[in-house]
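One structure below.
The values are calculated or read from the model by the stated rules, or taken from the named source; none is laboratory data. Remember, it's a predicted structure, so these values are computed and weren't measured experimentally. Cβ: placed from backbone, ideal geometry, glycine included. Neighbour counts: every protein chain shown. To get the accessible areas, we keep the full protein, side chains included, count just its heavy atoms, and leave off ligands, DNA and RNA. Shrake-Rupley method; radii C 1.70, N 1.55, O 1.52, S 1.80 Å.
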Amino acid sequence: SLDLSNIGYAGRNAFEGTTNLNNVTFSDLTYISRGMFKNSGIKHVTINADVIPEGAFEGAESLESVTFTSSDVIISEKAFSGAKNLATITFANEADVIIKDLAFANTDALKGFTLPNGNISLEGNVFLNSSLEKLTLSSSITVEGDLIKTENAKQPFELKATNVEIIALSAPEY
């Protein structure tokens, strides 16, 4: 267990590879740095920060759940990539969320993903090689990237959005 509530900044890759670390306490002032918990043993985390830097929890295979409390969240490239046991992600009920390329790539346990009410932007291959079966959207979404027809796709996306803006090339089938 690690209490970072009195620490503002711990530095890049500060706890990388700490496989015995499974619980961390943050404060509103704790800055999560790039690669901070890469390949760590952390299991559950509640994040108050607005920005989750590139690779912050990359390869944290023991990570099972993440809760975001901020109303504005930017999840950077590969932030949770390779977190194979990540199954539960919770956002504040109302939040503006930007999720960058490969943020949740290679997440085997992630079957469902519900985005909050707010402005949502998914940029690039957010869920590449994940086991995602259902993506639920509660508000508007902007998708940046090419939409390419995938043979035998399950079409796991449920859109409840009032506004969908696609900034990309799209196959006529979509």
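Quick check: is even one residue across the stretch 15-23 within 18 Å of Leu135 (Cα to Cα), open to solvent by 40 Å² or more (accessible area, probe 1.4 Å) and assigned to a loop (DSSP other than H, G, I, E, B)? Looking for residues that are within 18 Å of Leu135 (Cα to Cα), open to solvent by 40 Å² or more (accessible area, probe 1.4 Å) and assigned to a loop (DSSP other than H, G, I, E, B), one finds none in the stretch 15-23, hence no. When the stretch 58-68 is filtered for residues that are open to solvent by less than 60 Å² (accessible area, probe 1.4 Å) and more than 17 Å from Phe91 (Cα to Cα), the ones remaining, listed by number, are Glu58, Gly59, Ala60, Ser62.
Residue-by-condition table, conditions (1) within 23 Å of Asn106 (Cα to Cα); (2) more than 17 Å from the chain's Cα centre (by Cα):
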{"residue": "Asn6", "(1), (2)": "no, yes"}
{"residue": "Gly11", "(1), (2)": "no, yes"}
{"residue": "Asn23", "(1), (2)": "yes, yes"}
{"residue": "Ser27", "(1), (2)": "no, yes"}
{"residue": "Arg34", "(1), (2)": "yes, no"}
{"residue": "Gly41", "(1), (2)": "yes, yes"}
{"residue": "Asn48", "(1), (2)": "no, no"}
{"residue": "Glu61", "(1), (2)": "yes, no"}
{"residue": "Glu64", "(1), (2)": "yes, no"}
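Listed by first and then second residue, the pairs linking a residue in the stretch 87-107 that is at positive phi to a residue that is surrounded by fewer than 22 Cβ atoms within 10 Å (Cβ to Cβ) and modelled with pLDDT of 95 or more, with Cβ atoms under 6 Å apart and 6 or more places separating them unless they lie on different chains, are Leu102/Glu77. Of all residues in the stretch 62-98, those that are part of a loop (DSSP other than H, G, I, E, B) and of a type in the set (Val, Ile, Thr) total 1. Residues in the stretch 69-96 that are surrounded by fewer than 22 Cβ atoms within 10 Å (Cβ to Cβ), of a type outside the set (A, V, I, L, M, F, W, C) and touching a Leu at 6+ places or on another chain (Cβ under 8 Å): 2 in all. Among the residues of the stretch 111-126, are any open to solvent by 10 Å² or more (accessible area, probe 1.4 Å), within 21 Å of Ala60 (Cα to Cα), of a type outside the set (Lys, Arg) and at pLDDT 90 or above? No, the stretch 111-126 contains no residue that is open to solvent by 10 Å² or more (accessible area, probe 1.4 Å), within 21 Å of Ala60 (Cα to Cα), of a type outside the set (Lys, Arg) and at pLDDT 90 or above. Residues of the stretch 1-10 that are under 14 Å from Ser33 (Cβ atoms) and exposed (fewer than 12 other Cβ atoms within 10 Å of the Cβ): Gly8 alone.
Please tell me if Thr107 is β-branched (Val, Ile, Thr), out of contact with any Cys (no Cβ under 7 Å at 6 or more places or on another chain) and either closer than 21 Å to Leu137 by Cβ or open to solvent by less than 30 Å² (accessible area, probe 1.4 Å) (or both). It is true that Thr107 is β-branched (Val, Ile, Thr), out of contact with any Cys (no Cβ under 7 Å at 6 or more places or on another chain) and either closer than 21 Å to Leu137 by Cβ or open to solvent by less than 30 Å² (accessible area, probe 1.4 Å) (or both). Filtered by the rule that a residue be surrounded by fewer than 17 Cβ atoms within 10 Å (Cβ to Cβ) and among the polar types (S, T, N, Q), the stretch 34-47 gives a lone residue, Thr46. Of all the criteria given as (1) assigned to a strand (DSSP E or B); (2) without any contact (Cβ under 8 Å) to a residue 24 or more places away in the chain, the one not satisfied by Asn39 is (1).
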